[in-house]
Amino acid sequence: MIRTLAITAGLALSAMLATPALAQKIDSIEYERVRDRDDVVLDPAKSYLLVESSGMDVSNFILLPTQEQRDDWERQRQEALAEAIEDYPRDMSRYTRQERTWRESNGRIGREPVLPIEPTNENFGWPDIESRRVISFGPQNRFAKPEGASLWLHEVPAGEYIFYGLGMPGFTECACMGSVSFTIEPGSVTAVKVGRILLDTQGNEISEFPDGTSSTDVATRIGIYIDPPSDLAYDPRIERSRIVAAQFAPVPSLSNWGGGMVSRVQPIDNVIAYDRDQVIDMRPAAVAARQEAARAAEAEMQAVDDAAQAYQDVVDAAAEAVDQAAERVEEEAPAPM
Amino acid sequence: MKFAAIAIVLACTGVPAFAQEASDEMTDADWMAWVPAAEEVAMPDLAFVEEQSDIDNYEKYYYFHRADTDFTAAFADIRECDAHARGLFRGNHTPDMTAAMVQYGVLGGAVGGLIGSAIADAIYGSAEIRRKRRINMRRCMFFKGYSRFGLEKDLWEEFNFEEGSSSVAEEDRQRMLAQQARVASGNRPQAQELGL
C-alpha cells in the first residue's frame with residue numbers, strides 16, 4: 001500500500017499564487033489507498049471509505065475538523081491579523097509613495113496602486129479550514145472493476161465527512177447548493193455510490209441529450225448524485241458484514257473553493273429535498289418534528305381563535321345586557337306629560 | 001512575515017431593505033452592499049426581432065425572470081449566484097454555523113475561486129472561465145426558480161458582462177446585476193422559456 005498525504009487542492013496549488021494562503025499551517029490528512037490485490041487484508045481497527053461509481057471519476061470528500069483543530073486555525077488567523085495590523089501603516093506609506101509617483105508621472109511610471117484597506121477582525125479574510133481537509137478518490141488506482149462499476153477503497157480517519165463533489169480542482173462539480181454528510185465509524189467500511197446524470201431543460205433525468213444540443217447546454221445540464229452503494233460495491237474480498245451504507249444527513253451549502261461549477265446532489269428519499277434553492281431535511285425525525293410544529297402552531301391558532309370568540313361572546317352578552325337595561329329604563333320611565 | 005493585505009468585508013447575502021443612493025466615494029465593498037430603489041435602475045431594452053443566429057447563441061445570451069418576485073429579492077438572488085460563480089460565497093455546512101455569507105474584498109477570490117480558476121485558465125484559458133460563469137449563473141438561478149429567456153447579443157451586452165481572466169470593475173458589475181434584477185422582477189416575458 002502507498003501512504004499518501006492528502007494535501008488538498010487549495011494547499012497544493014496555493015504555491016501558484018502570491019496570496020496569504022502560504023501563511024496557513026495545518027496537519028495533512030493521512031490516508032492509505034488499498035490496492036487491487038488478491039490478498040487484501042483490512043485492519044479491523046481501521047476505518048475505510050469505499051466509493052462506487054459507474055465511470056472513471058474523481059470524487060471529493062471533506063473530513064470535518066475537530067474543535068481543537070478549529071481553535072488552532074482561529075489562533076493562526078488572529079496571529080496573521082495582528083501582523084497585518086502592524087504592517088498597515090507601512091503599507092499605507094508605500095501606497096502614498098507609489099500613488100504620488102504614478103500620479104505625478106501622469107501614469108507613465110508604474111501602475112495605479114490599490115488603496116490598502118485597514119485590517120480588522122471583521123474584515124480580515126481567512127480560508128475555511130474545511131478547504132484544507134479534502135480527500136479525493138480516483139480516477140486511477142481502482143480497487144476493483146466489476147462489470148458496470150469502478151470501486152476505490154481508502155483507509156481514512158474515522159469522523160464526519162461531507163460530499164464535496166466530483167471532478168478535479170478547477171473543474172469540480174461542487175455540491176455547493178446542497179449536499180450530504182455522513183459518519184465513518186471506527187472499524188467500518190463505509191460505502192457510497194456517486195456519479196453524474198444528464199438533465200433536460202426542466203432538470204429531470206434523461207438518458208441522452210437531443211441531437212444538436214450545444215456544448216454549453218451539455219455542460220450545464222449535468223447533475224451529480226450520491227447514493228447508498230449498489231450490490232456491486234460488496235467486493236468478495238471484504239467481509240460483507242463490515243460494509244455499511246453511509247447514513248446521510250442534509251447539508252445546506254458549501255463554498256466554491258475550487259472555482260468550479262456549482263451544483264447540488266439530486267434529492268434522496270428520506271434524506272434531502274429542495275424547495276427552490278432551500279434544502280429540506282427529509283429524514284423521518286425532521287419530517288415528524290416539522291409536522292409536530294405545524295400541529296402545535298395550528299393548535300395555538302385555534303386557541304387564539306377560541307379566546308377571541310370567548311371574548312366576543314362576553315362583549316356581545318354585555319352589549320345585550322346594556323340594551324335590555326336600556327329598554328327597561330325606557331319602559332319604566334313615566335309617560336311624557 | 002510578508003503579507004499581501006487581504007481585506008474582506010463579510011456581508012450577509014440578505015441585502016438591507018432600504019434604498020441607497022450611489023456616490024463617487026463608494027468603495028468596492030460599498031458597491032457590493034448597494035441596494036438602489038427599483039425605479040432608480042434603468043429597465044434594459046429587451047425587444048428584438050428573433051433570427052436563427054440569435055437562437056443559436058441563447059446558450060450564452062439570456063436573461064432571467066421569476067413571477068411574484070420583487071426587485072430586492074431578485075437582486076439578492078442574482079448577487080448570491082454571482083458570488084457562487086466568483087468563489088466568494090461562504091457555505092453553511094454545519095448546523096451551528098451562522099447563515100451563509102458572502103466574502104467580499106480586494107483579494108476575496110484568493111479565498112475561494114481564484115485558485116481553481118487559475119488552473120482552468122492555465123489549461124484552457126479565459127474562454128473556460130467565461131464558460132464556467134455561464135454554467136454557474138444558469139444553474140444557480142434555475143435552482144432558485146427563475147426561468148431563462150434568450151436575448152439578442154447586442155442587447156445582452158448592454159447590461160451583462162463576460163468574465164474571463166480579467167474581472168469586471170465592481171461598480172460596473174453591481175450596476176449590471178441591478179439591471180438584471182430589474183428584468184428578473186419585471187413583467188413576464190412573452191418569449192419561449194429556455195429552462196436550465
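Values quoted throughout were computed directly from the atomic coordinates according to the rules given, and no laboratory measurement underlies them. As the structure is a computational prediction, the values presented were derived from the model and not from experiment. For neighbour counting, all protein chains shown are included, and Cβ atoms are generated from backbone atoms with ideal geometry for every residue, glycine included.
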Shielding by other protein chains, B:76-88, mean Cβ within 10 Å:
3
In percent, how large is the relative contact order of chain A, given Cα pairs closer than 8 Å and 6 or more residues apart?
21 percent
Extension gain A:Val114-A:Asp306, at 0.36 nm per residue separation less the Cα-Cα distance, in nm?
62.6 nm
Rounded Å value of the spacing that divides the Cα centres of region B:20-42 and region A:204-243
44 Å
Two-decimal Rg/Rh across the protein assembly as shown, once Rg and the Kirkwood Rh are taken from alpha-carbon atoms
1.10
For region A:22-84 the translational diffusion coefficient, Stokes-Einstein from a Kirkwood Rh over Cα pairs at 20 °C and viscosity 1.002 mPa s, in µm²/s, is roughly 136 µm²/s
Between A:Tyr31 and residues 5 or more places away or on another chain, the pairs with built amide H atoms under 5 Å apart involve A:Thr4, A:Ala6
Quick one: which residues, 5 or more positions from B:Val35 or on another chain, have an amide H under 5 Å from its amide H? H modelled 1.01 Å from N in the peptide plane, none for Pro or chain starts.
B:Gln20
Let me know the Kirkwood hydrodynamic radius for region A:48-122, please, with Cα pairs as the basis and the value in Å to one decimal.
17.0 Å
Roughly how many Å is it from the Cα centre of region A:259-337 to that of region B:150-196, as a whole number?
43 Å
Just to be sure I understand the curve: with the Debye formula and one point per C-alpha of region A:36-180, what is log10 I(q)/I(0) at q = 0.08, 0.16, 0.20 Å⁻¹?
-0.45, -0.96, -1.20
Taking placed amide H atoms and a strict 5 Å upper bound, the residues 5 or more places from B:Asn57 or on another chain that come that close are none
With N set to the number of residues, divide the alpha-carbon radius of gyration of region A:99-247 by 2.2 N^0.38 Å and report two decimals.
1.59
Exceeding 25 Å between C-alpha atoms, which entries from my cross-link table qualify? They are A:Lys193/B:Lys60; A:Lys46/A:Lys145; A:Lys193/B:Lys144; A:Lys25/B:Lys132.
A:Lys193/B:Lys60; A:Lys193/B:Lys144; A:Lys25/B:Lys132
In nm, give the distance between the simple-model label positions of A:Arg328 and B:Asp30, each being 7 Å from the Cα along the Cα-to-Cβ direction.
7.5 nm
Given a Förster distance of 25 angstrom, what is the FRET efficiency for A:Ser54 paired with A:Asp281, based on the Cβ-Cβ distance and rounded to 0.05?
0.35
